[in-house]
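S.K.: Have a look at the structure that comes next, please.
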Amino acid sequence: MTAPEYWQKSSFSGGGDGNNCLELASTPTTLHLRESDTPATVLTTTPTPLTHLLDAIRAQVL
């Protein structure tokens, strides 16, 4: 599998080009997540499981 070319930094990571952030990239069928300090390690998923994870996290926070 080829890694995505364009990554978007999380808005919660603050300004600047620091290496302490979460980055997200998408392809037509998958989502790719990585930490900027370890860009070779990429978590790949589809939208549905990621949505379920985020919903569960939000339910715990609220």
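The values are calculated or read from the model by the stated rules, or taken from the named source; none is laboratory data. Keep in mind that this is a model prediction, so the values were computed, not measured. With ideal geometry, Cβ positions are generated from the backbone for all residues, glycine too; neighbour counts draw on all protein chains shown. Accessible surface is based on the protein model in full, side chains and every heavy atom, while ligands, DNA and RNA are left aside. Shrake-Rupley method; radii C 1.70, N 1.55, O 1.52, S 1.80 Å.
S.K.: Quick one: residue 13 ticks every box in (1) at pLDDT below 75; (2) within 20 Å of residue 51 (Cβ to Cβ) except a single one, so which number is it?
M.R.: If we test residue 13 against (1) at pLDDT below 75; (2) within 20 Å of residue 51 (Cβ to Cβ), just (2) comes out false.
S.K.: Just need a number here: residues in the stretch 29-56 that are open to solvent by less than 60 Å² (accessible area, probe 1.4 Å), within 19 Å of residue 11 (Cα to Cα) and not in a strand (DSSP E or B).
M.R.: Count: 2.
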